[in-house]
Structures are given as structure tokens and as C-alpha cells.
Amino acid sequence: MPKAYWIVRVSVRDQKRYPEYLAAAGPAFEKFGAKFLVRGGAFETMEGQSPERNVVVEFADRASATACYQSPEYQSAKAIRQACADADFIIVDGAALRVLLPSEMGRGRDAVECLKRQDRGGEFLGAAVQHRACQLQEFLLHRLCIRK
């Protein structure tokens with residue numbers, strides 16, 4: 001099951017009141033395991049219009065992301081946010097890890113080549129995790145060849 005993300009684009013109208021929203025939303029974020037990946041950092045608009053603040057929050061899955069948004073804790077915070085800011089708010093599923101087929105991987109392929117192939121078709125999870133996935137695929141391929 002892929003992770004899910006809140007992608008929120010915010011234009012703050014009342015800078016003094018916005019910290020109230022952040023404080024009120026904290027318990028919901030903690031309860032549902034929210035992890036902030038982007039929180040209002042510097043950005044460059046390449047196309048279209050951009051508000052002043054962009055936020056990306058990671059959740060374990062879409063059910064957690066939706067439950068957080070619908071929770072009484074967040075709904076109380078949302079009322080504060082709506083009073084002091086305008087926002088575009090979506091929940092989106094992340095890319096699922098694509099497991100390579102033995103025919104795509106090739107027997108004896110080194111971990112670097114495996115990482116390159118894995119990154120082309122799925123979410124990049126980091127070298128250590130993908131290396132372990134490649135090792136597991138290699139092991140399973142080896143076991144299948146022995147049984148034939």
C-alpha cells in the first residue's frame with residue numbers, strides 16, 4: 001500500500017493568527033503519524049501562479065491521511081486556518097514500489113544497475129532499501145531456477 005500525502009498551497013491573510021492554526025493542528029499530526037516533508041520553504045515558480053506557502057505532509061497510507069483530515073482535532077484547527085488563510089488542499093497517493101520481473105533484472109546484475117532500473121519505474125526509496133529489494137529479488141530468482 002503506497003504512502004499518501006497532503007499537498008497544501010496556502011496564502012496567509014493574517015500572519016499573527018496563523019501560528020494558532022499550527023499549534024491547534026499539532027495533536028492531529030501526532031495522532032496520525034504525519035511527517036512534514038515540505039513546510040513553507042523557499043521555492044521557485046516555474047509555471048502558473050503560486051501562493052506564498054507550500055506544504056507536503058506524508059502519511060503511512062491514504063486512510064491515515066483522510067482520517068487525520070476528518071478528525072475532530074484537525075477540523076477544529078481547520079476552522080482557525082480558514083479564518084486566517086486561503087488554501088488549496090489535496091490528498092494524493094504516492095507511487096507504489098515497482099518490483100522488477102526476473103526478465104527485467106537479469107541474473108547476476110549488480111546492485112547499481114538494479115537501482116537504476118528500479119528508479120525508472122517506481123518510487124525511489126533510497127539506496128539501502130532498494131539494494132535490499134534487489135537482493136531479495138535475486139534470492140527469489142535463484143530459488144526459482146533451482147526448483148525448475
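Below are the figures for this structure:
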read-out: At R0 = 22 Å, FRET efficiency that the Cβ-Cβ distance of Val38 and Ser76 yields, to 0.05; value: 0.40
read-out: Full-stretch length increase - Arg17, Met1 - with 0.36 nm per residue and alpha-carbon distance subtracted; value: 2.1 nm
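Taken together, the values in this text are just the output of simple stated rules run on the coordinates, not laboratory data. Here the structure is a predicted model, which is why all the values come from computation and not from measurement. Backbone-built Cβ (ideal geometry, glycine too); neighbour counts: all protein chains shown.
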